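Inspection log for the structure reproduced underneath, given as structure tokens.
The values are calculated or read from the model by the stated rules, or taken from the named source; none is laboratory data. Note that the structure is predicted; figures quoted are calculated from it, not measured. So basically every Cβ, Gly included, is an ideal-geometry build from the backbone, and we count neighbours across all protein chains shown. SASA here: full protein model, heavy atoms, side chains in, ligands and nucleic acids out. Shrake-Rupley method; radii C 1.70, N 1.55, O 1.52, S 1.80 Å.
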Amino acid sequence: MGWFGTAGDGTGDASLHVVSIRRPVDAKAMGAGFVLGGDTVLTCAHVVNAALGRPMLTSRAPGPDEIMVEVHDDDRPSQRYGARVAHWIAPRAHDGGPVRPGDDEWLGDLAVLRVDGPAGGLPAGPRRTAMRVGQDVEACHGSGVEATFALLTVRRLNGSRAYLDGAPTGMAVGPGYSGSPLWCEEEKAVVGLVVAHFMPPVDPGTGAPRPSSTQDLARRSWAAPWQRVEAELRPLGVLDGLAAEPPDEDDHAFLLLVQAIEDIFPSASSRVESAKRLARSCGVTHGSDVTPPTPEEFASFLLTHPRALAALVGNLRRGAPRDADRVLAAGALSRTPLLLSPQEYATLRKHLRDVEADVLARIPEAVRAALPHLAALPGADTAEALLNHLEALPGDGHAGDGEPRVPALLRVMEYVSALSANPVRPHLRFWADSVAQRLGIPRAALGERRSDAQDWVRSLRARTARVRVLVQVTRVGRARHQLRIWCDEGAGLRQISTDSVTSHSASEAAREVLRVLDSLAPPADDERPPLVEVLVDRSGLNLPVDEWTARDPEALVPGVLGVEFPLVVHCPELLRRHGRFLAHWRSRWSRLDSGKTLVVSDSMDREAIYSRLVNQLDTVRVCVDVPPGPRDGIVQTCLALGVPVVVWDRGRDGTSHTVRYTAEIATPELPDGVRDYRAHAKANPPDFPGRPVLAWADADRTVPRLHLTEPQESA
């Protein structure tokens, strides 16, 4: 071990690597997990479901609900902390669908938890390596009791699963072992985690265990090998920086930091005191109280512990601001150091636990407002995963000459604090002030971002988000459709319909959507009808969903969707087809009230549209007034280029009455204006002959993650 140590390194006791996942209501252990690093714990998703009292193989992410984890450490008594899901990889069948009753094997089933642990972080996690056939491994019960260790041998490995047989004596794997790390003593590493056990057969009538037979399967479990776990976690960025390699001696950041340490701490005593203080801040052990770390050891620690450099800068800022700036500048040349010190990160997460649930649900909206030119949000299921992504982003580029830029995370937190109520708001602002001070950011620079956030919140109050119902429509055969339905009443998406298999006629689908709409309770201060947002692939843009009518002999009124409700279409497939235009989409949407409208006539083709729109970010709305032949290609081009509002007529006439009518309607009012047109068309078809379609991609409101098939390229 070097001068800067890490707690828990090198232990051969498998039980010390086990983290207990406990039910918050009674602290009963429901399964196990293990520390990945810093403040993250890995377990099985079904263990989290059990801890929260949900059906074991529920695929829906649990949201912000808190569970309890207990961390075992040979240097201190076991400690219990609150934790939330940061990344959710749901249990799934081999075909990607939900796990069906009776299935005894599945894929996915992983959950990364963010633990509200000590400021210095959790004890260091174990080394991890690939599983192979023939390895002898140990698993432990989720209680973490040392005597529960079970001895197993890896018998077969097929890439996604491993089959293990238990020793004929000692403990047998059973309930409570799921999520346990599989510790290989020979490798001194974790090689996978327990997922399930093949339990003895039961009597189908009574459910009681049958009499044992020599033909019964005995002591066989199956597990997720580490190589499969790594393949699931790597795309999420979970493993990035968890085990940073020591820097190369020729690394530029390393060389600059070595020189800086030599200059800043010229005496042995000053280096010892600073190193000890830094080790305490980062929650690691340290070496001699007399002999200091070498400058090389000091610099290496700053480039391997992701929060060490921020902690050192905080220690230097008040007494030696120029030295702090020097260390910051050198660390910026490496990808390892993170923005926040351990204490700053722990404090932020503490404040976020106090943020109201409806504000947490709006963090993605705050990100888009604070960072309008951010190309895309990460594929994160939780606010915590999104904030961790933001921590790695650079500043916003609005600093004066020589001044440090305001980091993206600080700017976003200003917007979150502006949404929050007392006492959370002043706590978040004080936190942002202290981080900005440590980074040497002028108060005026942060004050400007705070003023921007307040202006944004005032604009939100003037334009409240209306209730909306989202309907994913998938065509299956002639005149049949499958539906998935969500609603968003201002606190985030809530899935209403999980049946994506049953097919419906147009009338049946309309009845299903109206049933959901009838169940909503509109806000008392908002008389607007809910917005119906139809999610389609590119082949479904002209589906006449607005004309679908719920025909029920017992109903007094017919129920035409697009006549009673403002109905728009949204095609996430086209919007995200070319990621380089996502920033254009967000920028255009931010100009919705003042942006320009482009009318496309017969004289413009797809190439001309591309040339016209690619750099004209003040164009927020396109009206397509061309015959059906070239129309669809032009519409799809506009959507792929990030135009948030596109209007056209799905009819077969030439010059569109729809386009002329909507030209007089302000862009933000188009959903209601198009609904008015459809109502007029229902009552008086000769005077309103159009069949309007409004594509509407709101960058301030989230859509669910869809699983769409990739269509063929159109000619």
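Set side by side, the residues A509, A453, A436, A550 differ, and just one is touching a helix residue (DSSP H, G or I) at 6+ places or on another chain (Cβ under 7 Å), open to solvent by less than 70 Å² (accessible area, probe 1.4 Å) and farther than 30 Å from A369 by Cα, which is A550.
If only residues of the stretch 103-113 that are in a loop (DSSP other than H, G, I, E, B) and open to solvent by less than 80 Å² (accessible area, probe 1.4 Å) are counted, the one that is modelled with the lowest pLDDT is D103. For the residues R621, R606, R652, R591, the requirement of being at pLDDT below 85 and touching a strand residue (DSSP E or B) at 6+ places or on another chain (Cβ under 6 Å) singles out R591. Under the condition of being more than 26 Å from A231 (Cα to Cα) and surrounded by fewer than 13 Cβ atoms within 10 Å (Cβ to Cβ), the residues counted in the stretch 149-169 number 2. Taken over the stretch 308-324, the residue count meeting the criterion of being in contact with a helix residue (DSSP H, G or I) (Cβ under 8 Å, 6 or more places away or on another chain) and surrounded by fewer than 24 Cβ atoms within 10 Å (Cβ to Cβ) is 8. Only residues that are open to solvent by 60 Å² or more (accessible area, probe 1.4 Å) and either part of a helix (DSSP H, G or I) or without any contact (Cβ under 8 Å) to a residue 60 or more places away in the chain (or both) were counted in the stretch 333-362, giving 6. One residue is enough: does the stretch 272-282 have a residue meeting the conditions assigned to a helix (DSSP H, G or I), touching a strand residue (DSSP E or B) at 6+ places or on another chain (Cβ under 9 Å) and either open to solvent by 20 Å² or more (accessible area, probe 1.4 Å) or within 30 Å of D109 (Cβ to Cβ) (or both)? Taking every residue of the stretch 272-282 in turn, at least one turns out to be assigned to a helix (DSSP H, G or I), touching a strand residue (DSSP E or B) at 6+ places or on another chain (Cβ under 9 Å) and either open to solvent by 20 Å² or more (accessible area, probe 1.4 Å) or within 30 Å of D109 (Cβ to Cβ) (or both).
When you look at R411, is it modelled with pLDDT of 85 or more, out of contact with any Ser or Thr (no Cβ under 8 Å at 6 or more places or on another chain), buried (at least 23 other Cβ atoms within 10 Å of the Cβ) and of a type outside the set (G, A, S), yes or no?
Details: modelled with pLDDT of 85 or more: yes; out of contact with any Ser or Thr (no Cβ under 8 Å at 6 or more places or on another chain): yes; buried (at least 23 other Cβ atoms within 10 Å of the Cβ): yes; of a type outside the set (G, A, S): yes.
Yes; evaluated as a whole, the condition is true for this residue.
Scanning the stretch 575-596 for residues that are surrounded by 15 or more Cβ atoms within 10 Å (Cβ to Cβ) and either among the acidic types (D, E) or not in a loop (DSSP other than H, G, I, E, B) (or both) yields L575, F581, L582, A583, H584, W585, R586, S587, R588, W589, S590. Of V568, V624, V620, V614, all but one fail to be open to solvent by 10 Å² or more (accessible area, probe 1.4 Å) and of a type in the set (V, I, T); the exception is V614.
Just one of the listed residues (V133, V137) is more than 32 Å from the chain's Cα centre (by Cα), among the β-branched types (V, I, T) and assigned to a loop (DSSP other than H, G, I, E, B), namely V133.
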